[in-house]
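In what follows, a single structure is set out as structure tokens and then discussed.
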Amino acid sequence: MSDTASTAGKIQEYLDDNKLQPTLQVIINDLCKQLPSDAFGYLVNQLLPKCAPPQIDKLVGREVLDSRANPTVEVDVYAIVRDKSRLIARSAAPSGASTGSNEAMELRDGDNDRYMGKGVKRAVDNVNTILSPAVARANPTDLAAVDDLLCKADGTELKTKVGGNAITAASFAVAEAGAILLDLPLYKHLANVFYRGRDTPKTYRLPTPMVNILNGGKHAGGNLKIQEFMIMPNADLPFTEKLRYVTQVYHHLGKLLVSKYGVSAKNLGDEGGYAPPLDNADEALGMIEQAISAAGFTAGKDIFLALDCASSEFYKDGKYEIAPKKFLTGDELLNYYEKLVNDHPALRSIEDAFDEKDYEMWKKSMERLGDKIMLVGDDVFTTNTNLLSRGINEKWANALLLKVNQIGTISEAMNAARMMFEASGQVIVSHRSGETTNSVISDLAVATGARFIKTGAPARGERVCKYNRLLQIEEELINEGLLEK
């Protein structure tokens, strides 16, 4: 056989294997029938679904800064699409200040000559040398499968080999890449993942923001031990109005604090809330109630109150230092909370009321307050289904604070959300005090149907971008007739 005949045979075999000639003939016939104005655009749209599925080519990690000027991990996802590798998406991991002992490990370098020991070069190297080959050739649109590969590459529950920060950044970036490649908004892509492609909701709802308006504890550094004082707008409002309500209260609180305590009282904490020189929760809640009235709203009707106590941070030797040099037993602290609820009827949620391992007091708080308010588990659960299963059985709390970086991947966090929903509890999707300018958690809250989102004050770009993303989603859902009524 001549070289020419051999080449022709190989070409014909290639054409036959890929069914090119009959496929193209059908498409050309349709083109001639429809005579679209953009002939080549029509051809591209017909051929795209027949292309090979995308494959992850590589992950590329880098060290960037978070909102507290500490290093964090950012990951780029490169995928082979139509026979060419290209950058599809990138995202970064957040970082917490008050952290539970059962959180996925945040891998830091410990080199005090770089970023005071907080560098993340080791985690970045793990992205490039461990995670990247582990997910190579996987389909980036299958987030659950990729997340499983990320977890297996580490092999530990708390991500101590690769680092939770490396894995969370990779999971976020792959989620973004999948949505882009599927030409879907991220919340719709994540909804398909959450509902596993079955019974995906026909309509979506926007979460109610739990807005950090006044800071204490590790987020501020003053005498106020309770870490966050939050406000929540009436859940029946459109999200646009919810955001307007809380923002107006925020501004009025700033004015009141300056008039009473001086201009420094308007300084901001890590999450954008004000950090005034207050000494106790009653004083803080009273100032917020004044701000609600000054903004023209009614506490308990238009605006509600919430606390994140982060009590593990002021728990030592079996007692809680609720104020400087004022130590309470667990039962005394529960009495204190109950009095706050009675004295401030608009208070509807208390997060981390007790130390993460003070399980008896968690149970007692549910018995005393569980039918009145949300008792939110953060450090006690750390978005971990093993802890959550035990907590549900033993009735530790009636709401879960969901933080992806506490467990590692979006898929693992979704498992925790499903478990809490099945137990008829509430889920609050949450940011961290060290944040980035991605808005993945906004889409995640909408995708899972979480009724609440906690993403800081309506100030600081890394917080505001998440609220602005929810505004965009609301507008899109309204235009498509997909907003739950």
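The values are calculated or read from the model by the stated rules, or taken from the named source; none is laboratory data. All of these numbers come straight from a predicted model, not from anything done at the bench. Every residue, glycine among them, receives a Cβ derived from its backbone with ideal geometry; neighbour counts consider all protein chains shown.
Details
- Annotation note: of 92, 145, 170, the sole residue that is in contact with a Leu (Cβ under 7 Å, 6 or more places away or on another chain) and either buried (at least 23 other Cβ atoms within 10 Å of the Cβ) or of a type in the set (A, V, I, L, M, F, W, C) (or both) is 170.
- The condition (being out of contact with any helix residue (DSSP H, G or I) (no Cβ under 7 Å at 6 or more places or on another chain) and at pLDDT 95 or above) is satisfied by just one residue among 255, 316, 325: 255.
- When the stretch 453-465 is filtered for residues that are closer than 14 Å to residue 208 by Cα and surrounded by fewer than 24 Cβ atoms within 10 Å (Cβ to Cβ), only 458 remains.
- Filter result for residue 441 (over 22 Å from residue 469 (Cα atoms), among the aliphatic types (A, V, I, L, M), not in a loop (DSSP other than H, G, I, E, B) and not assigned by TED's automatic domain parsing to the domain that holds residue 173): no
- On inspection, residue 206 passes the criterion of being buried (at least 22 other Cβ atoms within 10 Å of the Cβ), modelled with pLDDT of 95 or more and more than 20 Å from residue 299 (Cα to Cα).
- Among residues of the stretch 24-35 that are within 14 Å of residue 47 (Cβ to Cβ), those with a beta-carbon under 9 Å from a residue that is of a type in the set (Gly, Ala, Ser) at least six positions away or on a different chain give the pairs 31/39.
- Residue in the stretch 50-70 that is assigned to a helix (DSSP H, G or I), within 30 Å of residue 443 (Cβ to Cβ) and out of contact with any Lys or Arg (no Cβ under 8 Å at 6 or more places or on another chain) present: yes
- Residue within the stretch 411-430 that is closer than 25 Å to residue 215 by Cα, assigned by TED's automatic domain parsing to the domain that holds residue 234 and either charged (D, E, K, R) or out of contact with any strand residue (DSSP E or B) (no Cβ under 8 Å at 6 or more places or on another chain) (or both) present: no
- At least 3 residues being closer than 30 Å to residue 49 by Cβ and within 22 Å of the chain's Cα centre (by Cα) is the threshold, and among the helices (runs of 4 or more DSSP H) wholly inside the stretch 107-182 those reaching it are 143-154, 164-182.
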